[in-house]
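Below is one structure, written out as structure tokens, with a few remarks after it.
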Amino acid sequence: MILHDQGVFRLDTDHTTYVLRITQFSHLEHVYYGRRLPEGEDLSVLAHRNSIMTGTSVMYDESDETYCLDNLCLEWSGIGMGDYRMSPCEIVMPGGAYGCDFLYQDHSIVEGTPQMQTLPSSSSLSESQTLVLSLRDRTLDVRVELYYAVYEACDVITRRCVVINGEDKTLSLRRIMSMSIDMPDRNFSLVTFDGGWIKEGNRHDRALAPGIYINSSTTGWSSNRHNAGFILRADDTTEDRGDAYGFNLIYSGNHYGAVELSNHSLVRVQLGINPHCFDYLLNTGNRFETPEAIMTFSGDGLNRMSQQFHDFVNRHVVRGEWKERGRPVLTNNWEATFFRFNHPKLMATARRAKKLGVELFVLDDGWFKGRDDDTAGLGDYAVNKRKLPFGLAGLSRRIHRMGMMFGLWFEPEMVNRNSDLFRAHPEYCLTTPGRAPALSRNQLVLNLCLPAVREYIVENVGRILDECSVDYVKWDCNRHISDAFSPSLDSQGEFFHRYIIGLYEVLDRIFTPRPHILFESCSGGGGRFDPGMLYYMPQTWCSDNTDPVDRLKIQYGTSLCLPIASMGSHVQAARNAGRVTSLAYRADIAMAGTFGYELDPTKLSADELDDIKDINEQFRAWQPLIQQGDFYRLLSPFDSSQYVAWMFVSPDKSEALVQCFTVLAEPNRWDLRVYPRGLDPDALYEVEDWAVELHGDTIMHAGLRLQMFGWDFMSRNLYLKRV
Ligand code: GLA
């Protein structure tokens, strides 16, 4: 709910309150963000009170010697008016100066979330309300609109901004954040999720110190190096207790999250497009939309904060027919065959998988003409007739006849030099004039700023999807951007953003007419795992690393800011990682996500085949709980190298699944006590396998002692059902 009273705006969600106000000089002051406050109080008294300025500070206006912008908590700031913290905007104004000072003009409150023209955004018709604050520069007709969409039930507020150029000269936007917020410091720690290829989502915590910490990406995508999602937590916050602020961005390009601790002990948090190589020209009368930033606060620890993120992304970002539908158990041939497959091999794999209860067969890389390794064929949509004499349509027909769904891999944004597309259109790929473009995995990036390239992708991918009745698509993107240049642009500073807008246009044109297809995004694993991609594709391949031990960290870390239902996780073959683990262990970890296999089912032993049948049945029984339940992290792989535990609780608390894993077992320790969370305290639960009934409260406070934790790489599932 959004309330306005005498220049004070109060935004309430079920459990949080956000307050801002208009100051005597018309700046927007941030007053409060945190736990929900009682109603009916004059919250303007919480605003900051400056004392008379001393020292080197700059006075905003001679008439008030206590008004200093540098010492205020602000919702937005300009440049050159005495606020020396990082500004949310750097605009070369008409006349060439950077100085700008944005003052409140008016506001409106609308039902729902206004949609953007160029970028994906969260949506809801009836579950959100939006406050739009219009600011204008003190002297020039340059306006900024700040949007605050309030999602009450999810305890989420999103923020974005629009810049409008009303001057008769072009503006140059060098930096324009989606949000900026200042809060008093409370010994905050910053939590980020970092890594790289095959090691995504590693959690890092550090206490804030004076200065600026930047969590950003320059790869062209949201990146596997630093995920856009980050957290600010009070120093005593744990999974179950304490204050935590979560931030994420509905955007798949270069992001920039920055946290500054100022000399006045104020913390400024910003999130938006990375200003790196950014210079966007805004002509007279035009608008620039920033991506939408997600903010959520929990006063009850990190678990609750993650659940709010999960609910929000699942309900208001993910769209389409697969949004709430149970995802099929799949088998993907990549780790089973790599490029070495043919029609009979694929059919044998599919037949075996079908018998095991697998529902979707996915053909991965290697089906393009000439693509027997990664040096050739990317960009060409003709089928490799030697491997697939009946074509893709023939294969798809046969898979469908077996009663399975058919899925296909694409990497539409890339091209090999050894391809018909490159020979015909070398100008389609990214090249810096006068330089040879840099290769990665033998491939170059297509220039999605060019309409002809977008057309080529939409036409070819669309044709194959229709001709071959494809039910599932894995949309891959296996390298970072280099040679960022497009001859179509007046300012190369627009390149990275325009590429992403081009990509979103392509995705819209392919997906919107085909809502029945389940799409999964991938970028060498989690190189582009962000809410922007989840708007088009409800799931993302978490990592090319399918080793279960490594996956504990990858999935655990990813779960802080992104939903379990969006995490692609599959069972690998026994010896794929050079570490031998049991099928049960691999499967139990893969179940905490969308579930499937990356192995050759024709090479499994009779025992393994029997086990896989049971595993698939088990997964299907638990799937609604896993996909829609509340996720609780219990024991962290980042705290101990020994034991990891997490659990799922159904929304009505009628059932729960606790999963525990040993990494390296402790000598002479044969059991593990875990303390489940989120149960109905007064309800009786039957602990399956134990044949006992205990109250939720008893289970949560006394914990459950699990046997058989004396060996490395063990897993235990404990299913609880309300009696
Ligand atoms: C990437 C993906 C893999 C697989 C290969 C194919 O690495 O992440 O799952 O699709 O490409 O080349």
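Couple of notes before you dig in:
- Cβ separations smaller than 7 Å between residues 6+ apart or across chains give no pair from the stretch 494-507 residues that are in contact (Cβ under 8 Å) with a residue 24 or more places away in the chain and closer than 13 Å to F278 by Cβ to residues that are in a helix (DSSP H, G or I) and among the hydroxyl-bearing types (S, T, Y).
- Some residue of the stretch 524-531 being within 14 Å of the ligand (Cβ to nearest atom), among the aromatic types (F, W, Y), crowded, with 20+ Cβ neighbours inside 10 Å and closer than 19 Å to D374 by Cβ: no
- Verdict on R479 being under 27 Å from the mean Cα position of the chain (by Cα), under 19 Å from G253 (Cβ atoms), more than 16 Å from the ligand (Cβ to nearest atom) and of a type in the set (D, E, K, R): no
- Looking at N332, N342, N286, just one residue is among the polar types (S, T, N, Q) and in contact with a His (Cβ under 7 Å, 6 or more places away or on another chain), and that residue is N332.
- Long-range neighbours under 6 Å by Cβ, at least six apart or interchain, first residue more than 18 Å from V571 (Cα to Cα) within the stretch 326-352, second among the β-branched types (V, I, T) and more than 15 Å from the ligand (Cβ to nearest atom): A348/T602
- Pair list, Cβ < 6 Å and 6+ apart or interchain, from the stretch 362-379 residues that are closer than 16 Å to N460 by Cβ to residues that are of a type in the set (G, A, S) and not in a loop (DSSP other than H, G, I, E, B): G370/A376
- Among the residues making up the stretch 357-380, those that are part of a loop (DSSP other than H, G, I, E, B) and within 13 Å of the ligand (Cβ to nearest atom) are D364, D365, G366, W367, R371, D372, D373, D374, T375, G377, L378.
- Only a single item in (1) closer than 25 Å to R175 by Cα; (2) surrounded by 17 or more Cβ atoms within 10 Å (Cβ to Cβ); (3) not assigned by TED's automatic domain parsing to the domain that holds T130 is not met by T13, and it is number (1).
- Filter result for I699 (modelled with pLDDT of 95 or more, more than 21 Å from A584 (Cβ to Cβ) and in a helix (DSSP H, G or I)): yes
- Count - residues of the stretch 459-493 that are among the acidic types (D, E) and closer than 23 Å to W541 by Cα: 2
- Candidates M86, M59, filtered to the one that is over 24 Å from A244 (Cα atoms) and surrounded by 14 or more Cβ atoms within 10 Å (Cβ to Cβ): M59
- Residues being in a helix (DSSP H, G or I) and either away from the ligand (no atom under 12 Å from the Cβ) or at pLDDT below 95 (or both) - total across the stretch 320-335: 1
- Among the residues making up the stretch 498-523, those that are loosely packed, with under 15 Cβ neighbours inside 10 Å and in a loop (DSSP other than H, G, I, E, B) are T512, P513, P515, H516.
- Of the set (1) touching a strand residue (DSSP E or B) at 6+ places or on another chain (Cβ under 8 Å); (2) closer than 30 Å to L232 by Cβ, all apply to Y597 but (2).
- Positions within the stretch 539-566 being part of a loop (DSSP other than H, G, I, E, B), within 16 Å of the ligand (Cβ to nearest atom) and buried (at least 24 other Cβ atoms within 10 Å of the Cβ), in sequence order: C542, T546
- Members of the stretch 672-696 that are assigned to a loop (DSSP other than H, G, I, E, B) and hydroxyl-bearing (S, T, Y): Y675
- Residue in the stretch 337-356 that is within 16 Å of the ligand (Cβ to nearest atom), crowded, with 21+ Cβ neighbours inside 10 Å and closer than 25 Å to S559 by Cβ present: no
- Number of the exception - Q307 against (1) modelled with pLDDT of 95 or more; (2) within 32 Å of the chain's Cα centre (by Cα); (3) within 16 Å of the ligand (Cβ to nearest atom): (3)
- Conditions (1) over 24 Å from Q117 (Cβ atoms); (2) over 20 Å from the mean Cα position of the chain (by Cα); number of the one not met by L282: (1)
- Selected residue (only one of Y499, Y504, Y536 is of a type in the set (F, W, Y), over 21 Å from C429 (Cα atoms), at pLDDT 95 or above and more than 16 Å from the ligand (Cβ to nearest atom)): Y536
- Residue in the stretch 247-262 that is among the charged types (D, E, K, R), outside any loop (DSSP other than H, G, I, E, B), surrounded by fewer than 21 Cβ atoms within 10 Å (Cβ to Cβ) and more than 22 Å from the chain's Cα centre (by Cα) present: yes
- Scope the stretch 64-88; condition in a strand (DSSP E or B) and out of contact with any Leu (no Cβ under 9 Å at 6 or more places or on another chain); matching residues: D64, I79
- Pairs, first at pLDDT 95 or above in the stretch 440-462, second acidic (D, E), C-beta under 7 Å, six or more apart: R441/D374; N442/D374; V445/E413; L446/E413; L448/E413; R454/E505
- Among residues of the stretch 406-417 that are in contact (Cβ under 8 Å) with a residue 12 or more places away in the chain and more than 10 Å from the ligand (Cβ to nearest atom), those with a Cβ under 7 angstrom from a residue that is in a strand (DSSP E or B) and of a type in the set (K, R), sequence gap 6+ or separate chain, pair up as G407/K474.
- Some residue of the stretch 83-92 being over 15 Å from I22 (Cβ atoms), of a type in the set (G, A, S), in contact (Cβ under 8 Å) with a residue 12 or more places away in the chain and touching a strand residue (DSSP E or B) at 6+ places or on another chain (Cβ under 7 Å): yes
The values are calculated or read from the model by the stated rules, or taken from the named source; none is laboratory data. Not measured: the values here are computed from a predicted model. Methodologically, a virtual Cβ is constructed for each residue, glycine included, from the backbone with ideal geometry; neighbour enumeration extends over all protein chains shown.
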